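Chemist: The structure's right below; bear with me while I get my questions together.
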Amino acid sequence: MDNLKRFIVIPIFLLTACAPPRPVMEPQQPTTANKVIPVEQRKERTKTISSWEIRGAMAAKNKSKGWSAAMNWQQSGPNSYHIRLMGPLGAGTVLINKQGDTITYQDGPKRISSTNADELLLQQTGVRLPVDNLYYWVRGLPAPGKVSSEQRDQYNNLVQLKQSGYTITFGNYTSVHGADLPSIIRLEGNGVMVKVVIKNWSVGS
């Protein structure tokens, strides 16, 4: 959380929208990940986690703009998510939803839809986020496509990945529902810095 304090917060308005139905979750008590598992077996185990609820914080910035917020991220498979970003002390809420190919951004009475999440967030927040790739990176997995390089720890957890012009680092792995998942993800590249800190993982049964 040390770097989050340096980010500039974009003012956002309170939104009283109803969240879509949540996937069935099985709360897990995280434990330290400390087992050596072959790389491919580890990847396959992690890929089985496709629905989750994450609570924590996210911050992003480029040279001219930045924001930070508390985060609640509900994911139901690769094509459905509901991300709630809340300003400090409940000052405001932004909702980002995806259903199929349509992404909707809601900020107070403002509601805008697009088929490109990265461009939509760039237009609305001033910072481009690689949202589609984050579906993989947040679990400590490479996204589909070319990987420039990757580094793993002694347990074969991914600790650094270079992909799509970003350098992504992963830390504080915990074992949740039979998979080891990172609690800190940092991205830097393409003129953007992003940090995700996860305080709680709940995954689909």
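Chemist: Using packing as a proxy for protection, rank 107-113, 59-65, 167-173 so that the peptide with the highest average count of other Cβ atoms within 10 Å comes first. It would help to have the intermediate numbers written out before the result.
Modeler: On the way: 107-113: 12.9, 59-65: 16.3, 167-173: 19.1.
Listed from highest to lowest mean packing, they are 167-173, 59-65, 107-113.
Chemist: Roughly speaking, to the nearest percent, how much of the range 43-105's 1.4 Å accessible area is carbon and sulfur?
Modeler: Whole-percent figure for carbon plus sulfur exposure: 51.
Chemist: How would you classify the range 36-168 from its alpha-carbon gyration tensor, with a ≥ b ≥ c the square roots of the eigenvalues: rounded for a/c under 1.5, else prolate if a/b is greater than b/c, otherwise oblate?
Modeler: Because a/c hits 1.5 or more and a/b exceeds b/c, the range 36-168 counts as prolate.
Chemist: How many nm separate the modelled label positions at Thr169 and Lys146, each set 7 Å beyond the Cα in the direction of the Cβ?
Modeler: Rounded to a tenth, the inter-label distance reads 2.5 nm.
Chemist: Which length gain, in nm to one decimal place, applies between Asp101 and Gln154 when the Cα-Cα distance is subtracted from 0.36 nm times their residue separation?
Modeler: Gain on stretching Asp101 to Gln154: 15.2 nm.
Chemist: So how much slack lies between Lys65 and Leu122, counting 0.36 nm per residue of separation and subtracting their Cα-Cα distance, in nm?
Modeler: This chain segment gains 19.5 nm when fully extended.
Chemist: Distance check, please: which entries in Lys63/Lys195; Lys61/Lys110; Lys35/Lys162 exceed 19 angstrom between their Cα atoms?
Modeler: Lys61/Lys110; Lys35/Lys162
Chemist: Between Lys35 and Arg111, what length in nm is gained on full extension when 0.36 nm per residue of separation is reduced by their alpha carbon distance?
Modeler: Taking Lys35 through Arg111 to full extension adds about 22.8 nm, to one decimal.
The values are calculated or read from the model by the stated rules, or taken from the named source; none is laboratory data. Note that this is a predicted model, so its numbers are computed, not measured. All Cβ positions, glycine included, derive from the backbone under ideal geometry; neighbour counts span all protein chains shown. Side chains are part of the model used for accessible areas, which takes the heavy atoms of the whole protein and leaves out ligands, DNA and RNA. Shrake-Rupley method; radii C 1.70, N 1.55, O 1.52, S 1.80 Å.
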